[in-house]
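Read through the structure below, which is laid out as C-alpha cells, and then see the notes.
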Amino acid sequence: MLKGIGASEGYGIGKVMIVEEKTLEYTPHAVNDIDAEIKRYSDAVEAFIKETKEQAEALRVSAGAKEAEIMEGHIGIINDPGLKMSIEGLITGGTCAEAATEQTLDMFIGIFAATEDEMTQQRAADLKDIKHALLSILLGINEVKISEAPAGTVLVAKEVTPSMTAGINKENIVGIITETGSQTSHSAILARAMEIPAVLSVPNALSQLSSGEQVIVDGTNGEVVTAPSADDITDYTARRDAFLREKRELEMFRGRRTLSASGEEYELCCNIGSPKDAGKAIQADGEGVGLFRTEFLFMDRTSLPTEDEQFEAYKAAATILKGKPLIIRTLDIGGDKEIPYLGLEKEENPFMGFRAIRYCLKNREMFKSQIKAILRASAFGDVRIMFPLITAVEELREGKALVEEAKDYLRASGIEFNENIPVGVMTETAASGVIADLLAKEADFFSIGTNDLTGYTMACDRGNSDVSYLYSPFQPSVLRMIKSIIENGVKAGIPVGMCGEAAANPLMIPLLMSFGLTEFSVSAVSVLKVRKNIAKWTKAEADAVAEKVMEMATEKEVVDYLKSIV
Ligand code: PEP
Ligand code: MG
C-alpha cells in the first residue's frame with residue numbers, strides 16, 4: 001500500500017501507464033544566422049500556440065471552461081513581451097533558440113518557485129510545462145500519447161500538467177497517481193474536474209510502480225493498493241460501485257428545490273470562508289450562503305484589512321451569488337481562532353473570554369469599519385449581518401446601534417446600501433438558547449451554531465479527549481436547546497437556520513425538520529446529500545421521530561434509535 005494525498009474522490013482499478021517526460025537533450029551552440037534562428041523560435045511559438053489551443057478545446061469538452069482557461073493562460077504567458085524580449089535578446093546575442101528558451105524560462109521558474117505563495121508556485125509549474133512543450137517542438141521530439149491509452153489505465157507521472165490532461169480520455173483513464181502536488185495543485189483541480197480518482201504526492205511513485213502492473217487508486221482515502229489480491233479487487237469494486245451509485249443518485253437532486261417528501265420547502269445554503277468559496281457554493285448547487293466566516297480575511301497577514309479591502313471581498317461574494325442570500329458573520333476571533341497582530345493577551349479560559357462580539361464591541365472603530373464594508377456590499381446583493389457569540393440582549397442592541405451609526409455615516413457620504421439589511425444572531429451559547437424568546441423579539445433571524453452550542457451547553461471542551469464523549473449535539477440538553485431556539489424563532493415569526501456541522505448530519509435532519517428549521521447551511525460537498533436526506537422524510541414522519549427522541553434520557557438512546565431508522 002502506498003500513501004499519498006487523496007485529491008479527487010473515488011476508486012479506480014486498472015493497469016499502470018508510466019508517463020515520464022522525455023529528457024530534452026541538446027548541445028548549446030553559437031548561432032550565426034540570427035534572423036533564421038529568431039524565425040525558428042517564432043515558428044516554434046506559433047506551433048506551440050496552435051497545439052495549446054487544440055488542447056484547450058479538448059479540455060473544454062472533457063473538463064470544463066475553467067480548466068481550458070488554464071491552458072489558454074499558457075498562450076498569454078508565451079506572448080508576454082518581457083519573456084519574448086529576453087529570449088529574442090539572447091538569440092540576438094548568438095545563443096541558440098533552445099538555450100535561450102531554457103535559460104529565460106528557468107530564470108522565471110526559479111523566481112516563482114522560491115515564493116511561499118501556492119498560487120505563484122503554480123505559475124512555476126505552468127512555466128515548466130511551457131518550457132517542456134517549446135523545447136519538444138524545437139527539438140522535434142514526440143511525447144507518449146496519453147490520448148491513446150487503453151481502457152482501464154492508471155496514469156502515473158511526476159506531476160500531471162495541464163497539457164498532459166488535455167490528452168486524457170475520461171472513459172479510459174480510471175485513476176491518476178503523481179509524485180508531487182497538493183489538494184490545490186493543477187493536477188488535483190483537473191482530476192476533480194474530470195472526476196478521475198487521484199492520489200497525489202506518493203513518494204517515488206515512478207520507481208515503485210511499473211507499466212502494466214495492476215493497482216487500485218483510492219482517491220477518497222489517499223491510498224494506492226499495489227499487487228491487489230482477489231479479495232481487494234472484490235472489496236474495491238463494491239466500494240467503487242457504491243460510490244458511483246450514490247453520486248448518480250445525488251446528481252438527480254441537482255437543480256431541484258429542497259423539499260420534504262410531503263412538500264415543505266427548506267432553504268439549503270453553504271458555509272464559506274472566502275469570496276472564492278461563493279463560486280464553489282454555486283457550483284455545489286447551494287441556494288445561497290448561510291455563513292461567511294470573515295475571520296479568514298483577518299488571518300495570515302500582519303495588520304487589519306482595511307474597510308475597502310473588506311468591501312471588495314464581501315462585494316465579490318455578493319456579486320457571485322447574484323441576489324441569493326449572503327449572511328456575513330462579523331469577526332469571530334479568540335478561543336481557537338488566533339490573530340497574532342491583534343495582540344490579544346493569553347487568557348486562562350479563552351473560550352469563556354474576550355472574543356467575538358465581546359472583542360468587537362470594545363474595539364468599535366475596527367468593528368464599525370467591518371460593518372460599513374458589509375453595508376456597502378449590501379448594495380450588490382441580498383447581504384445580511386450576523387453577530388457571533390451573543391449571550392445577552394444588550395450585545396445585540398449595541399451591535400445594532402453600531403449598524404445604525406454606520407448607516408448614518410454612509411447616508412451622509414452618499415454611499416449606497418440596503419436600508420433594510422437584516423441583522424441576525426448566531427445562537428451558539430447556552431445563554432442565547434435560554435433567552436431565545438427575548439432575542440427573537442429584536443433579531444431579524446437566528447442561525448444556530450451547533451459547533452459551539454454543543455460545547456457551551458455541555459460545558460465541554462471538544463479539544464479535550466477526556467471529555468469528548470460529552471460533546472454531541474444529540475445530548476438531550478443540546479437537543480432541547482436547539483428545539484427551544486427554533487420554536488422561539490418560529491413563534492416570533494423570524495427565520496431560523498443552522499450553520500453548525502450538525503445541519504448536515506442525516507440523523508439530525510428529521511429532528512430539525514420537525515422543530516421547524518427554515519434554513520440548512522452546510523459545506524459545499526454536503527449540499528446534494530442534505531437535499532436528498534430532507535426529501536426522504538414527510539413532515540409527519542419527522543414529527544413522529546422527534547416526539548420519540550425528545551422523550552429519551554440519554555445520548556446513546558437517541559443515537560442508537562436514529563441509526564436504526566435513518
Ligand atoms: C458554530 O459554532 O457552530 C459555527 C458554525 O461557527 P464556528 O464553527 O465558526 O465557530
Ligand atoms: Mg461558533
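The values are calculated or read from the model by the stated rules, or taken from the named source; none is laboratory data. Bear in mind the structure is a predicted one, so any value in this text is a computation, not a measurement. Heads up, the Cβs are rebuilt from the backbone with ideal geometry, glycines too, and the neighbour counts pull from every protein chain shown. Keep in mind that these areas ignore ligands, DNA and RNA; they rest on the heavy atoms of the full protein, side chains included. Shrake-Rupley method; radii C 1.70, N 1.55, O 1.52, S 1.80 Å.
Annotations
- Within region 453-495, tally of residues that are open to solvent by less than 30 Å² (accessible area, probe 1.4 Å), of a type outside the set (Ser, Thr, Tyr) and within 16 Å of ligand 2 (Cβ to nearest atom): 8
- Consider region 64-108 and keep the residues that are open to solvent by 40 Å² or more (accessible area, probe 1.4 Å) and aliphatic (A, V, I, L, M). The one that is farthest from Ser136 (Cα to Cα) is Ala65.
- Taking the listed residues Met498, Met508, Met481, the one that is within 15 Å of ligand 1 (Cβ to nearest atom) and either closer than 17 Å to Ala431 by Cβ or in contact with a His (Cβ under 6 Å, 6 or more places away or on another chain) (or both) is Met481, with no other qualifying.
Results for (1) within 16 Å of ligand 2 (Cβ to nearest atom); (2) open to solvent by 10 Å² or more (accessible area, probe 1.4 Å); (3) part of a strand (DSSP E or B), shown as yes or no for each residue.
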| position | (1), (2), (3) |
| --- | --- |
| Arg384 | no, yes, yes |
| Glu398 | no, yes, no |
| Ala401 | no, yes, no |
| Lys407 | no, yes, no |
| Leu410 | no, no, no |
| Glu416 | no, yes, no |
| Asn451 | yes, yes, no |
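- Test for Thr391: is it of a type in the set (S, T, N, Q), within 13 Å of ligand 1 (Cβ to nearest atom) and surrounded by 15 or more Cβ atoms within 10 Å (Cβ to Cβ): no
- Some residue of region 303-326 being within 16 Å of ligand 2 (Cβ to nearest atom), closer than 28 Å to Ala504 by Cβ, touching a Leu at 6+ places or on another chain (Cβ under 8 Å) and in the same structural domain as Ala379 (by TED's automatic domain parsing): no
- Qualifying positions in region 261-291 - small (Gly, Ala, Ser) and surrounded by fewer than 21 Cβ atoms within 10 Å (Cβ to Cβ): Ala261, Ser262, Gly263, Gly273, Ser274, Gly279, Ala284
- Test: Ala379 is of a type in the set (Gly, Ala, Ser), in a helix (DSSP H, G or I), more than 16 Å from ligand 2 (Cβ to nearest atom) and open to solvent by less than 10 Å² (accessible area, probe 1.4 Å): no
- Residue-level check: of (1) under 20 Å from Asp332 (Cα atoms); (2) among the hydrophobic types (A, V, I, L, M, F, W, C); (3) touching an Asp or Glu at 6+ places or on another chain (Cβ under 8 Å), Ile374 misses just (3).
- When Leu507 is tested against (1) outside any helix (DSSP H, G or I); (2) crowded, with 24+ Cβ neighbours inside 10 Å, only condition (2) is not met.
- Among (1) open to solvent by 80 Å² or more (accessible area, probe 1.4 Å); (2) within 16 Å of ligand 2 (Cβ to nearest atom); (3) at pLDDT 95 or above - the single one Asp336 does not satisfy: (3)
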